[in-house]
Amino acid sequence: MTEKIPLLLLPGLLCDRRLWEPQMASLADIAEPIVADLTGDASIEGMARRTLAAAPPRFAVAGLSMGGYVAQEIMRQAPERVARLALLDTSARADSPEQSQRRRDLIALSQRGHFHGVTERLLPQLIHPDRLGEASLVKIITEMAGSIGVEGFRRQEEAIFARRDGRADLARITVPTLVLCGREDLLTPPALAEEMAALIPYAELHIVGHCGHLTTLERPNQVNGALRQWLMQ
């Protein structure tokens with residue numbers, strides 16, 4: 001029997017292992033999934049250090065959105081431990097001043113007792129407009145956010161708006177790399193995925209049609225197929 005590949009999965013903002021459940025189920029025959037907890041640190045560097053301390057010696061890593069920022073930082077801190085890299089619905093750029101201010105505004109709103117309002121504000125940016133009425137999908141997203149909570153949200157947002165611009169580091173990535181994005185992703189649109197794929201040697205770009213930011217939940221079959229092909233390279 002072929003040994004399974006340790007697969008480190010990094011959730012996005014206000015997400016937990018439920019973000020990756022379709023992939024964990026679909027890829028269980030070839031991978032040993034490990035979902036990192038990214039709730040305890042207020043910096044991307046700290047998230048990467050904590051994740052590396054708990055990870056196996058060598059692994060494939062896939063990160064979505066904030067998880068993609070952490071995956072890139074793992075490549076900076078311990079590139080020798082990464083066998084494959086997948087960057088889903090994410091960016092190598094730092095926040096613009098406007099983006100950082102929006103994050104500070106959301107933190108302030110959440111700490112005034114309107115945390116559920118934050119989730120409602122974010123939802124149209126997270127999934128395709130056609131999916132906003134899909135109760136089961138919305139339930140997963142809101143329940144994940146509730147599990148992260150106000151303080152976890154604050155730490156994650158502070159980490160995100162303080163992150164570095166990593167575009168100059170992408171040329172040093174030499175492992176098989178998948179860059180994937182929903183075609184209608186409003187938070188990290190396809191142009192950002194195209195930019196990363198162009199800067200990473202031999203990266204493969206996969207755009208998922210009729211899909212927003214949370215590709216793993218919105219279009220699991222397409223994402224699972226792309227990840228399987230990546231893992232078997």
Given only helices, namely DSSP H runs of n ≥ 4 each adding -39500 (n - 2.57), what is the per-residue ellipticity at 222 nm of the chain, to the nearest 500 deg cm²/dmol? -14500 deg cm²/dmol
Note: the chain, point scatterers on Cα, Debye, no solvent; log10 I/I(0) at q = 0.08, 0.11, 0.15, 0.16 Å⁻¹ equals -0.25, -0.49, -0.97, -1.12
What list of whole percents do you get for P(r) of the stretch 39-118, with Cα-Cα distances grouped in 5 Å bins up to the one holding the largest distance? 3, 14, 20, 21, 17, 11, 8, 5, 1
Exactly which trypsin sites (Lys or Arg not before Pro) in the stretch 85-168 are in a DSSP loop and have at most 11 other Cβ atoms within 10 Å? R112
Connecting every pair of Cα atoms under 10 Å apart in the chain and solving the GNM, the largest mean-square fluctuation among L19, L132, L123 falls on L132
Residue among T90, T216, T119 with the largest mean-square fluctuation in a Gaussian network model of the chain, springs linking Cα atoms under 10 Å: T119
How high is the relative contact order of the chain, in percent, with contacts defined as C-alpha pairs under 8 Å that are six or more residues apart? 25
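Throughout, read-outs are computed from the coordinates displayed, never taken from laboratory work. This structure is a prediction, so every number in the text was calculated from the model and none was measured. When we count neighbours, we look across all protein chains shown, and the Cβ atoms used for this are built from the backbone with ideal geometry, even at glycine.
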